[in-house]
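Here's the structure, in C-alpha cells; my notes come after.
The values are calculated or read from the model by the stated rules, or taken from the named source; none is laboratory data. Keep in mind that what you see is a predicted model, and the values were worked out from it rather than measured. Every residue, glycine as well, gets a Cβ built from its backbone with ideal geometry; the counts of neighbours run over all protein chains shown. To get the accessible areas, we keep the full protein, side chains included, count just its heavy atoms, and leave off ligands, DNA and RNA. Shrake-Rupley method; radii C 1.70, N 1.55, O 1.52, S 1.80 Å.
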Amino acid sequence: MGLFDKLLHKKETCSKEGIDTQAASLTVCAPFSGKVIPVHDIPDPVFSEGIVGLGFGIEPEEETVYAPFDGVISQIAETKHAIGVTSTDGMELLIHVGIDTVDMNGKGFDVLATEGQKIKAGQPLLTFSLSEIQAAGHPTTTAVLLTNHESFSALNLMVIGQIQHGLAVLKVSK
C-alpha cells in the first residue's frame with residue numbers, strides 16, 4: 001500500500017476482478033461481510049486461546065463464504081461447517097462457520113467446492129443458514145485461523161469492526 005493509499009484510506013481488495021497479485025501476496029481477505037473481532041474474543045477457548053491457529057473472528061452478515069485468496073481447497077469437514085484452504089504463498093487457513101456447528105451434521109450448510117480444487121479470491125466456496133445455526137442454539141461467530149502461523153514471522157490484523165467480503169483483513173509476513 002502506497003503513501004497516497006494510506007492517506008486516502010484506500011481499502012485493499014482481494015476480489016477476483018482486477019486483483020494485483022503482488023499486493024495480495026500474504027493477504028487474507030474477508031470471507032464474507034460482517035464484524036471482525038480479535039481472535040481472543042471468539043466465544044470458544046479452542047479458538048480464542050490459539051490452540052487451532054491465529055487469526056480473527058467474524059460475525060457474519062451474509063450466508064456465503066468466499067475464497068479469501070488464490071489457492072486450493074485443502075480440506076472440507078464431513079459436516080460441511082468448516083473448510084481449509086491453502087494459498088499459493090503457503091498460508092493454511094481454516095474457516096470454521098459458527099461455534100459447535102459440527103453438532104448440526106451438515107444441516108444448513110452447502111459446499112460449493114471440492115477438496116483439491118484450485119480457487120480464486122472471491123470465488124464462492126460454501127453457503128450456510130444463519131437462522132438454522134441460531135435455531136440450533138449455536139453462536140454464528142466464525143473463526144478464520146492461520147493454522148501454520150508458526151511458519152510466518154508476523155500477523156497484522158488490519159481491521160476490527162465492519163468489513164465487506166473481499167477486503168483485506170490480515171497481512172502475514174514471512
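The single condition among (1) more than 22 Å from residue 52 (Cβ to Cβ); (2) open to solvent by less than 20 Å² (accessible area, probe 1.4 Å); (3) free of Cβ contacts under 8 Å to residues at least 60 places away in the same chain that residue 121 does not satisfy is (3).
This table checks each residue for (1) open to solvent by 50 Å² or more (accessible area, probe 1.4 Å); (2) of a type in the set (A, V, I, L, M, F, W, C); (3) touching a residue at least 24 places away in the same chain (Cβ under 8 Å).
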site: 65; (1), (2), (3): no, yes, yes
site: 107; (1), (2), (3): yes, no, yes
site: 127; (1), (2), (3): no, no, yes
site: 130; (1), (2), (3): no, yes, yes
site: 152; (1), (2), (3): no, yes, yes
site: 155; (1), (2), (3): yes, yes, yes
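The residues on offer are 163, 133, and the sole one that is out of contact with any strand residue (DSSP E or B) (no Cβ under 6 Å at 6 or more places or on another chain) and at pLDDT 95 or above is 133. When residue 113 is tested against (1) open to solvent by 30 Å² or more (accessible area, probe 1.4 Å); (2) part of a loop (DSSP other than H, G, I, E, B), just one condition goes unmet, and that condition is (1). Out of contact with any strand residue (DSSP E or B) (no Cβ under 6 Å at 6 or more places or on another chain) and loosely packed, with under 15 Cβ neighbours inside 10 Å: does that describe residue 79? It is true that residue 79 is out of contact with any strand residue (DSSP E or B) (no Cβ under 6 Å at 6 or more places or on another chain) and loosely packed, with under 15 Cβ neighbours inside 10 Å. Among the residues of region 136-159, just one is modelled with pLDDT under 95, out of contact with any Leu (no Cβ under 8 Å at 6 or more places or on another chain) and part of a loop (DSSP other than H, G, I, E, B), namely 153. Only one entry of 117, 123 meets the criterion of being within 21 Å of residue 56 (Cβ to Cβ) and of a type outside the set (Lys, Arg), and that entry is 123. If you go through region 67-90 and keep only what is in contact with a Pro (Cβ under 9 Å, 6 or more places away or on another chain) and part of a loop (DSSP other than H, G, I, E, B), you end up with 67, 68.
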